[in-house]
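The values are calculated or read from the model by the stated rules, or taken from the named source; none is laboratory data. Predicted model, so just to flag it, every value in this text is computed and none were measured. For neighbour counting, all protein chains shown are included, and Cβ atoms are generated from backbone atoms with ideal geometry for every residue, glycine included. The area values use the complete protein model at the heavy-atom level, side chains included, leaving out ligands, DNA and RNA. Shrake-Rupley method; radii C 1.70, N 1.55, O 1.52, S 1.80 Å.
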Amino acid sequence: MSVTDQDKIRCEEVIAHLLQYLDGEIDGEKRAEIDRHLEHCRGCYSRAEFERLLRRKVAALGDEPAPPALQRRLKALMEEF
Amino acid sequence: MTAPWPGTPGRWEAGAIHARFAPCLAQRPAMTLSSDRAFFSAEIERLAGRLYGTALRLTHNPADAEDLVAETVTKAWAALPKLADRNCFEKWAFRILANTYISNRRRPCEVTAATAAEEDAQGQFSLFDRLHQPFLLWWGNPEQELLNKLLREDIERALAALPDDYRTVVVLVEMQGQSYAEAAEILSVPLGTVRSRLSRARSLLQRALWEHARAAGLLPHAHRREHVRD
């Protein structure tokens with residue numbers, strides 16, 4: 001745990017809100033508090049980085065080369081539009 | 001075609017689509033139609049890989065994924081005049097894809113109460129916590145080491161193993177970048193349900209990756225010794 005005088009928020013609270021924070025679901029003062037905490041706390045920063053990298057790997061699964069058959073099919077569709 | 005995606009061969013082939021959407025396409029003025037076509041073609045060409053990849057994660061089947069993309073593209077073209085801000089095209093197209101997948105599912109694939117209760121009883125699983133047990137903290141950067149070793153197919157398998165409702169919410173939020181509120185609207189469920197499904201989905205996903213890492217010998221040496229003692 002690493003709490004500085006500037007921190008109004010503790011590690012436990014950051015961890016509890018971390019996934020929503022990374023999803024962009026926390027705004028305003030709470031987000032600013034977590035931002036400040038992550039600047040000072042190596043443990044929470046490492047955890048946040050790990051979760052960011054893992055979700056980047058998950059998100060990358062949503063990108064595949066479109067198969068040639070699909071490309072031809074889409075081209076045929078758009079010629080009809 | 002395989003469950004849960006009930007594809008209908010021929011339904012989304014070019015000729016069938018033309019007949020289905022001809023009335024709304026015919027209403028566009030010629031100049032608008034021409035600029036619409038240019039914009040739409042460029043956007044679909046740009047997004048084709050991501051639309052297909054997302055469809056593949058949802059359907060688990062390449063043929064079904066292609067059908068889903070074709071249906072999405074057709075619906076998007078028909079609805080394009082209703083899109084007020086074309087800067088939002090990408091997110092809008094992915095919403096159509098998700099909505100189409102959900103509405104075409106043969107039946108709702110609801111997570112059983114037993115599955116949810118079991119996951120809740122085990123508590124939120126954190127891969128980071130597993131890799132950072134206090135007596136192992138001397139071990140450099142175990143989480144980075146594991147992330148480097150995990151292959152795309154390892155994560156793909158863990159995602160595919162999630163119950164359909166859980167996987168869908170991960171696809172909406174993590175792949176498509178939809179907000180919780182947008183995901184709730186697409187899925188027609190309360191916001192709290194999106195939060196709980198996402199939380200359980202991530203827990204299950206990380207648990208599956210941990211178990212795979214153990215089985216495949218991907219963990220740092222100290223972790224492997226620890227589990228010999230288990």
Which ones in the stretch B:54-74 are in contact (Cβ under 8 Å) with a residue 40 or more places away in the chain, more than 24 Å from B:S34 (Cβ to Cβ), facing chain A (nearest Cβ under 10 Å) and not charged (D, E, K, R)? B:T54, B:A55, B:L58, B:A63
Would you mind stating whether A:G62 is surrounded by fewer than 19 Cβ atoms within 10 Å (Cβ to Cβ), out of contact with any Asp or Glu (no Cβ under 6 Å at 6 or more places or on another chain) and within 11 Å of chain B (Cβ to nearest Cβ)? no
Could you say whether any residue in the stretch B:141-162 is within 24 Å of B:T59 (Cβ to Cβ), in contact with an Asp or Glu (Cβ under 8 Å, 6 or more places away or on another chain), of a type outside the set (A, V, I, L, M, F, W, C) and modelled with pLDDT of 90 or more? no
Among the residues of the stretch A:44-56, are any more than 10 Å from every other protein chain (Cβ to nearest Cβ), surrounded by 14 or more Cβ atoms within 10 Å (Cβ to Cβ) and farther than 21 Å from B:R195 by Cα? yes
Go through the stretch B:96-132 and give me each residue that's open to solvent by less than 40 Å² (accessible area, probe 1.4 Å) and modelled with pLDDT under 85. B:R105, B:C109, B:V111, B:A116, B:E119, B:G123, B:L131
Helices (runs of 4 or more DSSP H) wholly inside the stretch B:169-230 that include at least 2 residues being modelled with pLDDT of 90 or more: B:180-187, B:191-215
Within the stretch B:75-94, considering residues that are in contact (Cβ under 8 Å) with a residue 24 or more places away in the chain and either under 17 Å from the mean Cα position of the chain (by Cα) or closer than 18 Å to A:P67 by Cβ (or both), the one most open to solvent (accessible area, probe 1.4 Å): B:K91
Only one residue in A:L38, A:L70 is more than 7 Å from chain B (Cβ to nearest Cβ) and without any contact (Cβ under 8 Å) to a residue 40 or more places away in the chain. Which one? A:L38
Just for the stretch A:14-34: of the residues that are open to solvent by 60 Å² or more (accessible area, probe 1.4 Å) and more than 26 Å from B:L150 (Cβ to Cβ), which one is farthest from the other protein chains (Cβ to nearest Cβ)? A:E29
